[in-house]
Amino acid sequence: MPLILAAILLVAFNWPARRAMPVVPISAAVIVLTAWVMTFNCVLASTLQGLILTGASLGIIFGAILLLNTLTHSGAIAAIRSEFSNKNKRPASTREALRSMASSAIT
């Protein structure tokens, strides 16, 4: 029900997210307190758990973006791209040497 409410508020009523998103968890809490007859402490604990999980997910996402920007500004992404584009331009003798080293390492 809260997902449908979010879709209706965002799409049908054209509300901005900063106004519509606080309405959704409040409506979910009201539904849980009335229809499922859960205690307020249980709803509060579930809300805090959701905030902690959201914080952990955002930390992973922002860390990945930070790593990508660091690699981009340091030139590492360009170096990796050039290595992949030069892979097919290597002489046959180099490819054969790498192939023989790889096959000897496997066996």
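Annotations for the structure displayed:
- Qualifying positions in the stretch 77-101 - modelled with pLDDT of 70 or more, of a type in the set (Gly, Ala, Ser) and either surrounded by 10 or more Cβ atoms within 10 Å (Cβ to Cβ) or farther than 25 Å from residue 67 by Cα (or both): 78, 79, 82, 97, 100
- Unique residue being small (Gly, Ala, Ser) and surrounded by fewer than 10 Cβ atoms within 10 Å (Cβ to Cβ) when the list is 35, 20, 45: 35
- Yes/no for residue 46 being of a type in the set (Gly, Ala, Ser) and over 22 Å from residue 27 (Cβ atoms): no
- Scanning the stretch 2-32 for residues that are of a type in the set (A, V, I, L, M) and touching a residue at least 24 places away in the same chain (Cβ under 8 Å) turns up 28, 31.
- Selection status of residue 29, closer than 25 Å to residue 2 by Cα and modelled with pLDDT of 95 or more: no
The values are calculated or read from the model by the stated rules, or taken from the named source; none is laboratory data. Everything numeric here is computed off the predicted structure, so don't read it as measured data. FYI the Cβ positions are ideal-geometry reconstructions off the backbone, even for glycines, and counts take in every protein chain you see.
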